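A quick write-up on the structure given underneath.
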Amino acid sequence: MAMDLKEIEKYIKEAMPDASIEIQDLAGDGNHYSATVTSSQFAGKSKIEQHKMVYNSLKGKMGNELHALAIKTKEQ
Amino acid sequence: MDDQTKNIIQNHIDNNEVCLFMKGTPDAPQCGFSMAVSNMLKILEVNFNGINVLEDQSIREGIKTFSDWPTIPQLYIKKEFIGGCDIIKEMYENGELKKIFDEKGINYKK
């Protein structure tokens, strides 16, 4: 039940190719991450919609393989 | 999600102006993210009802489908889904959370 940092980045990048992504392994256990995602695709969307886009890019891994991912979204 | 679970969730949301689906209780949170949101509401002295999803597996899974949101905690204010821990934290820090309480007529410590 853990996920590699690079793997998370890959999933988000696939869904949002223009995004710049900063990921940190908060606890060093491969289970608690924070991600700051900046993308033009967030423009005009609510925070809930923006976070859902990131969750959706992870294709159901959030809450399963990936226990904790703190998300911060920014419009480009 | 079965109808019974859906009804239970809907009832919580309908009957509590500020409703936090969380792991543990406001006095004894079982997860750091749930604790964070619970503490922010406490600091603002908001009267809220914490629903411990760990007590009921069907609600724990059901609320994710209900809100189309994969994580817990989840905050509802006057029947509207406001967000999870990250969003609430951001809104707490930039003052938007207070704005929502003002708009929706929820009392808090000004």
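We did not get these values from a lab; they are worked out from the coordinates using the rules stated. This structure is a prediction, so every number in the text was calculated from the model and none was measured. A quick note on method: Cβ atoms are made from the backbone with ideal geometry, for glycine too, and the neighbour counts reach across all protein chains shown.
Just a few scattered comments:
- By the compact-protein rule of thumb, 2.2 N^0.38 Å, the alpha-carbon radius of gyration of segment B:3-104 corresponds to a ratio of 0.98.
- Note on the protein assembly as shown: dipole from Cβ charges, positive end direction compared against A:Gly63, A:Gln41, B:Thr5; the farthest Cα belongs to A:Gln41.
- Only beta bridges with both residues in the protein assembly as shown are counted; by DSSP, about 50 percent of them are antiparallel.
- Note that the protein assembly as shown, at 37 °C in a medium of 0.692 mPa s, gets a Stokes-Einstein diffusion coefficient of 192 µm²/s from its Kirkwood radius over C-alpha pairs.
- Restricting the calculation to Cα atoms, chain A shows an Rg/Rh of 0.94 when the hydrodynamic-style radius is the Kirkwood one.
- In order along segment B:11-22, the phi-based Karplus estimate (6.51 cos²θ - 1.76 cosθ + 1.60, θ = phi - 60°) of 3J(HN,Hα) comes to 4, 4, 5, 6, 9, 10, 4, 10, 10, 10, 7, 9 Hz; Gly and Pro are listed as x.
- Database remark: amide H of A:Tyr33 closer than 5 angstrom to the amide H of A:Leu26, A:Ala68, A:Leu69, A:Ala70 (H placed geometrically; neighbours at sequence offset of 5 or more, or on other chains; Pro and chain starts carry no H).
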